[in-house]
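K.L.:
Quick one: this structure, given as structure tokens, is what I'll be asking you about.
Computed from the coordinates by the stated procedures, all read-outs in this text should not be read as laboratory data. Everything numeric here is computed off the predicted structure, so don't read it as measured data. Glycine gets a Cβ as well: all are built from the backbone with ideal geometry, and neighbour counts include every protein chain shown.
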């Protein structure tokens, strides 16, 4: 009993000494003694459930609109998506920029997840390209045994499509140049011109895509060619709009000085996404506009 009490007193003394040293380190600002895991376990969040419910509301509203059934009570889905996205993104920025939870391990995980996301997007486009190739290489008698089908007047590839190709290739070069300026900490008018030029070129592309839809002599309801054409070009146009929003978001964060040359994974992924959109458009241009017409 005596030895047990002595050992207990020594243990208590050592614990108090350890706590004193720990508090002393904290008071001096020495946080290096704190061993942190390189991974980040996210706190419980309501955003996934709210986003799922709001997307369900928008999907139901779209289905009702397509069937000429109007449900005004489901318009809350759009506002809830915006509010949920704002809250979710705010939490992510807080975790990465202000709390320092996005370590190298977390950034590598985010990068791997984004690469898998791009692969899934590539498979999505591949499915529609497969349908286009299938109908083009084995045309049925119902569409005249030829491709494009009889009665479909295709758009000349050397006009607006070639112009849009030049715009996207130029925007890919300009955003790469802006990234190099950012990595070199060259924060002057050069990065503003390169980054702003990318956003302006993307605006011109979206505008030309809209004007092309206005000029076309066929619609999505004009047979299988119209369905494949508008699904591929329209889906790509939505990706261009999404990529432009991502670049605008990263530009705002750069203005708020939330990026550094060693910690800007969001900017890197946005640039990767823009290059992905550019590569998909090159395949779409040569397959749909040049070969398919």
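K.L.:
For residue 94 and residue 49, what is the calculated FRET efficiency with R₀ set at 25 Å and r taken between the beta-carbons, to the nearest 0.05?
P.N.:
About 0.80, to the nearest 0.05.
K.L.:
For the residues 253, 153, what sequence is obtained by ranking on other C-beta atoms within 10 Å, fewest first? Please list the in-between numbers first.
P.N.:
Working: 253 17, 153 10.
Ordered from fewest to most neighbouring Cβ atoms within 10 Å, 253, 153 come out as 153, 253.
K.L.:
For the pair residue 138 and residue 214, how long in nm is the line joining their label points, each one 7 Å along Cα→Cβ?
P.N.:
Output for this residue pair reads 4.1 nm.
K.L.:
Over all distinct alpha-carbon pairs, what is the Kirkwood Rh of the stretch 249-293 in angstrom?
P.N.:
12.4 Å
K.L.:
Moving on to the next point. Expressed in nm to one decimal, what extension gain is obtained for the pair residue 67 and residue 286 from 0.36 nm per residue of sequence separation less their Cα-Cα distance?
P.N.:
Difference between extended and current length: 75.3 nm.
K.L.:
Give me the distance in nm between label points sitting 7 Å out from Cα along the Cα-to-Cβ direction at residue 221 and residue 127, one decimal.
P.N.:
2.5 nm
K.L.:
Full-extension gain between residue 58 and residue 199, please, as 0.36 nm times their residue separation minus the C-alpha to C-alpha distance.
P.N.:
47.9 nm is the gain from fully extending residue 58 to residue 199.
K.L.:
First measure r as the distance between the Cβ atoms of residue 158 and residue 105, then evaluate 1/(1 + (r/R0)^6) with R0 = 41 Å and state the FRET efficiency to the nearest 0.05.
P.N.:
The value I calculate is 0.25.
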